[in-house]
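For reference, the structure discussed in these notes is given below.
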Ligand SMILES: Cc1ncc(COP(=O)(O)O)c(C=O)c1O
């Protein structure tokens, strides 16, 4: 159904956007991989929102499932009633999880899922008679969510800085990031030093207090699509087992088929104690998330004196959200979309390599339909741009003007400097549409390159600290 631009002139004076200076296009509708605004502009949704929209926009089956469920029952509280969609969805999810990971705790999103996972880790240790365990180790380049617990484990400096006094000082280890190896080693001979960093961190300070290690198997917004070498997670699993530390995989972005497997951890053949999923679970049609819990963790809670996990959120596991999740999963399965992501990912990866022709493109990474492009001032030294140049935002802005939406970010070098964009198109995208995405990106990068060259040239002429000659006074 073609829709005309509404042309409505609505005021934004009462909306509190996260950027209070932003003037955002007003999206009125979406269809497949495209978004349309009220002025008639079309945007190719190259980031699927923020790696959310896996089925594309306006999917009739999901809309009808939602409608049907809303007509039956939209909400009943999980403390008193169960519902059919939650039972069906949890059964369907567990057909795709690794052996043993067979309990699903539903949430309304990613941060809520991460909070659930760390509280469950704590509850598990308490019920096993280890009340001293409460600290969670995470990695330095990471994003785990915006709530206080999730932000405490997040490394990203810009997101943390203002809230530092409120955050819990949990330990953090180096991120496995071969393009910017924290140990200045090469993947061929490094002995996966970054994995052993976990054991060093556990032993460094009161090892008996460490409850869990949380990690994004393939990194999302803080360093898009950074992947570890194959052995990394096998070593991590061993270290966790040895020190009675639970392994939590934060798959809020990488899960639900985004990287070509249901869970990204399945690329590495390792089963975590918990996996947090969200985003693609509902393809954006409803706020939804889940924690996939290993039976050994579940049993400890089940066999405790009360059998209760003291935790809960009002909207968690509501029938409407679960009905949406169920239809999304059925669609993914029936259309074999996760397998398709694996195939398309290889095509996408090859196409993206062409962007290396731009001098400021440093690293290009892609697994399935999750990709990241990192920008550098010098490809040789891998030196990033100044953080206040906000090069990721600049690229995103040019792309948007050219009809492509990409997700910008910064801090991928040291949580301050380092610019990138994230690409995560819907799984229904066709090869020729991936070609178009890369074409628009290519053109936008050419424009940004010209702008950056001018700025760098000005900087060379007038380096900071250089005293400029006073302009002559006109008589
Ligand atoms: C890896 C990861 N964890 C957690 C979150 C937080 O999820 P939400 O924004 O739904 O709270 C995100 C969001 O981008 C994420 O990418």
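What follows is calculated from the coordinates using simple rules that are stated; it is not laboratory data. What you are looking at is a predicted structure, and each value in this text was computed from that prediction instead of being measured. Cβ coordinates were reconstructed from backbone atoms using ideal geometry, including for glycine residues, and neighbour counts include every protein chain displayed.
For the stretch 291-397, I need the span (max minus min coordinate) of the C-alpha atoms along each principal axis, in Å, sorted largest to smallest.
Taking the Cα atoms of the stretch 291-397, the three principal extents are 61, 36, 28 Å.
Taking the radius of gyration and the Kirkwood hydrodynamic radius from Cα positions alone, what is the Rg/Rh ratio for the stretch 331-391, to two decimal places?
1.16
Return an integer: the convex hull volume of the alpha-carbon atoms of the stretch 1-98, in Å³ per residue.
Convex hull of Cα atoms, per residue: 202 Å³.
To make sure I understand, if each residue's beta carbon is the centre and we count other beta carbons within 10 Å, what order do 66, 256 fall in, fewest to most?
Fewest to most other Cβ atoms nearby, the residues stand as 66, 256.
If you count the DSSP beta bridges with both ends in the stretch 60-334, what percent of them are antiparallel, to the nearest 5?
45 percent
Over the alpha-carbon set of the stretch 387-445, divide Rg by the Kirkwood Rh and report the Rg/Rh ratio to two decimals.
1.03
What is the order of 172, 60, 42, 234, fewest Cβ neighbours within 10 Å to most?
The fewest-first ordering by Cβ neighbours comes to 60, 42, 234, 172.
Can you pull the one-decimal nm distance between simple spin-label points at residue 231 and residue 162, each 7 Å off the Cα toward Cβ?
So the two model labels end up 4.4 nm from each other.
Kirkwood-based Rg over Rh for the chain (C-alpha set), two decimals?
0.99
May I ask for the distance between the Cα centers of the stretch 31-82 and the stretch 184-257, given as a whole number of Å?
33 Å
How big is the antiparallel share of DSSP beta bridges in the chain, given as a percent to the nearest 5?
70 percent
At 7 Å along the Cα-to-beta-carbon direction for both residue 73 and residue 41, put a label point, then send me their distance in nm to one decimal.
Once both label points are built, they end up 4.5 nm from each other.
Take the alpha-carbon positions of the stretch 337-444, form their convex hull, and give its projected area averaged over all directions (one quarter of the hull surface) in nm².
6.5 nm²
At q = 0.13, 0.25, 0.31, 0.32 Å⁻¹, what is the base-10 log of I(q)/I(0) for the stretch 35-88 according to the Debye formula with one equal point scatterer per Cα and no solvent? Please give it to two decimals.
Listed by q, the Debye log ratios stand at -0.55, -1.01, -1.16, -1.18.
If you split all Cα-Cα distances of the stretch 60-334 into 5 Å bins from zero, what percentages do you get per bin, shortest first?
1, 6, 13, 17, 19, 17, 12, 8, 4, 2, 1, 0, 0
Evaluated at 4 °C with a viscosity of 1.567 mPa s, what Stokes-Einstein diffusion coefficient in µm²/s does the stretch 259-342 have when Rh comes from the Kirkwood expression over alpha-carbon pairs?
D = 88 µm²/s.
Can you give me the relative contact order of the stretch 60-334 as a percent, contacts being Cα pairs under 8 Å and 6 or more apart?
It rounds to 30 percent for the stretch 60-334.
Dimensions of the stretch 247-296 along principal axes (Cα, Å, largest first)?
Projected onto the principal axes, the Cα atoms of the stretch 247-296 cover 31, 23, 13 Å.
Using bins 5 angstrom wide from zero, how does P(r) for the stretch 206-265 break down, in % of all Cα pairs?
4, 18, 25, 23, 17, 10, 3, 1
Give me the base-10 log of I(q)/I(0) for the stretch 174-276 at each q in 0.21 Å⁻¹, Debye formula, one uniform scatterer per Cα, rounded to two decimals.
-1.16
According to a simple spin-label model (label point 7 Å from Cα along Cα-to-Cβ), what is the distance in nm between residue 84 and residue 64?
1.6 nm
When the Debye formula is applied to the Cα atoms of the stretch 96-143, each taken as the same point scatterer, what base-10 log of I(q)/I(0) results at q = 0.14, 0.22, 0.32 Å⁻¹?
Computed log10 I(q)/I(0) values: -0.48, -1.01, -1.08.
How long, wide and thick is the stretch 143-227, going by the Cα atoms along their three principal axes, in whole angstroms, largest first?
Taking max minus min along each principal axis of the Cα atoms, the stretch 143-227 gives 41, 32, 19 Å.
Taking only C-alpha pairs under 8 Å that are 6+ residues apart, what is the relative contact order of the chain in percent?
In percent, rounded to a whole number, it is 20.
Expressed in whole Å with the largest first, what are the equivalent ellipsoid semi-axes of the stretch 313-360 derived from the C-alpha gyration tensor as the square root of 5 times each eigenvalue?
36, 17, 5
Sorting 124, 17, 407 on the 10 Å Cβ count, fewest up front, what's the list?
By the 10 Å Cβ count, ascending: 17, 407, 124.
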